[in-house]
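Worksheet: the structure to be examined is printed underneath.
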Amino acid sequence: MRNARLIARLDVKGVNLIKGVHLEGLRVIGDPQVFARRYYEQGADELIYIDAVASLYGRNSLTDIVARTARDVFVPLTVGGGLRSIDDVRTMLRHGADKVAINTAAVRRPGLISEIAQSFGAQCMVLGVEAKRRADGTWEAFTDNGREATGLDVIDWCRRGHALGAGEILLTSVDRDGTGKGFDTALIEAVTHAVPIPVIASGGMGTTTDMIAAFGHGADAIAMASVLHYGRADLATVRAAAAQAGLPVRLDVATL
Amino acid sequence: MSAVVHIVDYGVGNLYSVARAIEAVGGTPKLTSDASEIDNADRLLLPGVGAFAPCMAALTATGLVEPVLEFARAQRPFLGICVGMQLLFEHSVEFGRHRGLGLIAGQVEAIPTADAVRKVPHIGWSALHEPADGHCWRETILEGAIPGVTSAYFVHSFNCVPDDPRIRLADVDYTGYRICAAVKSGNVTAFQCHPEKSGPAGLRILRNFLDE
């Protein structure tokens, strides 16, 4: 059966777990590893690390955090932020990442999507898309944590990313990120109708009702950040609510 | 002394996680690309991530095809994971038709898509089932798992189809398509899913491997 994944998203800056609103105004939350381990123990299906400032400075500070996390977290790790070459990707995989999320570098050079998919498999190549709603109801793709407009239409860009070999899409609504006002369900629906690959909806979850709405509009997975970091919900509650709503979530999450 | 697991390092994928997972269950992981080390190993783990052909090419280029085959024939505990499972079969049709190790009779075929119903890649947690025509889990590496409940993490677009259904160890029903989640042929066990990424349920599989 199809499955609904519950993913904890950890945005980091340097050594800190951080969180902002609309990907801006970043506040320090704590030690990313402590949160990663906690979310693993609470039954997160996957973890996503995004280096919030990496592409701004053209570097990546995540390698150590990923390696330390992979020591005691045994669910898939997706890592993004500032990765721009096959070598960057290989380094991340060698330090314990399973997938990489590519946004800025893919916009600059779409061929990188194919290179990563061919070298490491499409399943490893997650296209990171930061979407902002335009006045006409369509969405534009942004890079560098919502700072740089690309002129690309989100739906066209997702289709192209899939054609180039992306195996999954991490779809972040910049408008909803950090607001707790719910996912942009129209965006989720538009993208999941446009591409046949799994879509992770990110940005805006405030309540378990939002989670159910995201899956109802076609999301294959949801990414949660503020709602978990600030303790507004925990993974067990979210999972129980999903199961009660009849969503196909993993049920055997008891720890060893 | 803790059980040593030699992990075949032929330049592909995330060996770090599987090594840490072996440690977490009390084993000692040793990465190796050395034929004589493989020859003398007690337990061998063949990982693999990405596409079939580059993995097979890398295994060939590192000169490890024969040592791996020899190890498997020597009746010592052997565990394949993901593409490390697929490589055990005769052929894969991923990006052309490619020859595998041929330890297990059968093919690796593409999972057929069914728009919005069945997405490919198959990514996520799926419940493992005991195949009616295959192995029962008692006294296997899946001892302790609960059919239809215990779930494991999958990420793949291709699926192994063994000629002999009796070697099937676990299946997944992926929206009506039968995925071969695990096979067991004598001393050789292999998983399409990733035990090292499947939380406590996956760690139990690896712990059972140390006891084989």
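In a GNM of chain B with a 10 Å cut-off on Cα contacts, which of B:79, B:46, B:31 has the highest mean-square fluctuation? Result: B:31 has the largest fluctuation of those listed.
Sorting the segments A:134-146, B:189-201 by their residues' average number of neighbouring beta-carbon atoms within 10 angstrom, most packed first, yields B:189-201, A:134-146. Which of rounded, prolate, oblate describes the range A:136-224, given a ≥ b ≥ c as roots of the alpha-carbon gyration tensor eigenvalues and a/c under 1.5 marking rounded, otherwise prolate only if a/b is larger than b/c? It is oblate, given that a/c is not under 1.5 and a/b is not larger than b/c.
Working note: Cα gyration tensor of the protein assembly as shown, eigenvalues times five, square-rooted, sorted largest first, giving semi-axes of 35, 22, 22 Å. Calculation over all alpha carbon pairs of chain A in 5 angstrom steps from 0 returns a P(r) of 1, 7, 15, 19, 22, 18, 12, 5, 1, 0, 0 percent. Within straight-line reach of residue A:132, meaning a Cα separation under 17 Å, sit the following aspartates and glutamates at least 8 residues removed in sequence or on another chain: A:24, A:140, A:144, A:148, A:153, A:156, A:175, A:177, A:184, A:189.
Pairs of Cα atoms nearer than 8 Å and 6+ residues apart set the relative contact order; for chain A it is 19 percent. Computed over the alpha carbons of the range A:47-122, Rg followed by Dmax gives 11.7, 35 Å.
Solvent exposure of the range A:105-256, expressed per residue, is 36 Å² of accessible area, with all protein chains present and a 1.4 angstrom probe.
Computed from backbone phi, the HN-Hα couplings of the range A:195-201 come to 10, x, 8, x, 10, 9, 8 Hz, rounded to whole numbers (Karplus: 6.51 cos²θ - 1.76 cosθ + 1.60, θ = phi - 60°; Gly and Pro given as x).
Here r is the Cβ-Cβ distance between residue A:115 and residue A:135 and R0 is 25 Å; the resulting FRET efficiency, rounded to 0.05, is 0.10. Give the long-range amide H neighbours of residue A:170: residues separated by 5 or more places, or on another chain, with amide H under 5 Å away, using H modelled in the peptide plane at 1.01 Å from N. Under 5 Å from the amide H of residue A:170: A:127, A:128, A:129, A:200.
Just checking the output field for A:119-129: average partner chain Cβ neighbours within 10 Å of each residue's Cβ?
Working: counts 4, 7, 17, 7, 12, 6, 0, 1, 0, 0, 0.
Partner Cβ neighbours, averaged per residue: 5.
Structure note, pairs B:30/B:119; A:19/B:197; A:13/A:181: Cα-Cα distances above 28 angstrom occur for B:30/B:119. The A and B chains share an interface that buries close to 3100 Å² of accessible area, total over both sides, probe 1.4 Å. Its relative contact order, with pairs defined as Cα atoms under 8 Å and 6+ residues apart, puts the range B:109-212 at 28 percent.
Based on C-alpha pairs under 8 angstrom that are at least 6 apart in sequence, the range B:66-113 has a relative contact order of 29 percent.
Note on B:48-57: average number of Cβ atoms from other chains within 10 Å of each residue's Cβ is 3.
Taking amide H as placed 1.01 Å from N in the peptide plane, residue A:249 has its amide H under 5 Å from the amide H of A:4, each at least 5 places away in sequence or on another chain.
What is the projected area of the convex hull of the Cα atoms of chain B, averaged over all directions, in nm²? The partial results should precede the final answer.
On the way: hull surface 42.5 nm².
That works out to 10.6 nm², a quarter of the Cα hull's surface.
Evaluate the distance, in nm, between pseudo-label points positioned 7 Å from the Cα of residue A:41 and of residue A:230 along their respective Cα→Cβ axes. Roughly 2.4 nm, to one decimal.
Counting only other chain Cβ atoms within 10 Å of each residue's Cβ, the peptide B:119-132 averages 6. Compared with its chain on its own, the range B:172-201 contains the following residues whose accessible area drops by 40 Å² or more in the full protein assembly (probe 1.4 Å; ligands, DNA and RNA excluded): B:197, B:200. Computed in the context of the full set of protein chains, the accessible area of chain A at 1.4 Å probe radius has 50% of its extent on carbon or sulfur.
With a cut-off of 17 Å, note down the residues of the range B:89-111 whose backbone N falls inside the zone around a label point 7 Å from the Cα of residue B:163 toward its beta carbon. Counting only backbone N, you get B:89-93, B:98-109.
With only Lys, Arg, Asp and Glu charged, each at its Cβ (+1 for the first two, -1 for the last two), find how big the charge dipole of the range B:77-212 is about the Cα centre; round to the nearest 20 debye. Don't skip to the answer; put the middle values down first.
Working: 12 positive and 15 negative charges, 46 e Å.
Roughly 220 debye, rounded to the nearest 20.
If you take the Cα centroid of the range B:104-125 and the Cα centroid of the range A:43-102, the two points sit 26 Å apart.
How long are the three semi-axes of the equivalent ellipsoid for the range B:1-75, computed from the Cα gyration tensor as the root of 5 times each eigenvalue, in whole Å, largest first? Walk me through the numbers before you get to the answer.
Values: eigenvalues 80, 52, 15 Å².
The answer is 20, 16, 9 Å, longest axis first.
Over all projection directions, the Cα-based convex hull of the range B:88-191 averages an area of 6.6 nm². Taking max minus min of the alpha-carbon positions on each principal axis, the range A:1-97 gives extents of 40, 31, 26 Å, largest first. Close amide H partners of residue B:182, meaning residues 5 or more places away or on another chain with modelled amide H under 5 Å apart, are B:169, B:170, B:192. Every pair of different Cα atoms in the range A:207-256 enters the Kirkwood calculation, which places the hydrodynamic radius at 11.5 Å. For the range A:62-213, a/c is not less than 1.5, where a ≥ b ≥ c are the root eigenvalues of the C-alpha gyration tensor, and a/b does not top b/c. That puts it in the oblate class. Computed about its Cα centre, the charge dipole of the protein assembly as shown is approximately 660 debye, with only Lys, Arg, Asp and Glu carrying charge at their Cβ. Classify the range A:83-148: rounded, prolate or oblate, from the alpha-carbon gyration tensor (a ≥ b ≥ c, eigenvalue square roots; a/c under 1.5 rounded; otherwise prolate if a/b is larger than b/c)? In terms of gyration-tensor shape, prolate.
The values are calculated or read from the model by the stated rules, or taken from the named source; none is laboratory data. Bear in mind the structure is a predicted one, so any value in this text is a computation, not a measurement. Quick reminder, even Gly has a Cβ in these numbers, built from the backbone with ideal geometry, and neighbours come from all protein chains shown. With ligands, DNA and RNA removed, areas are computed over all heavy atoms of the protein, side chains included. Shrake-Rupley method; radii C 1.70, N 1.55, O 1.52, S 1.80 Å.
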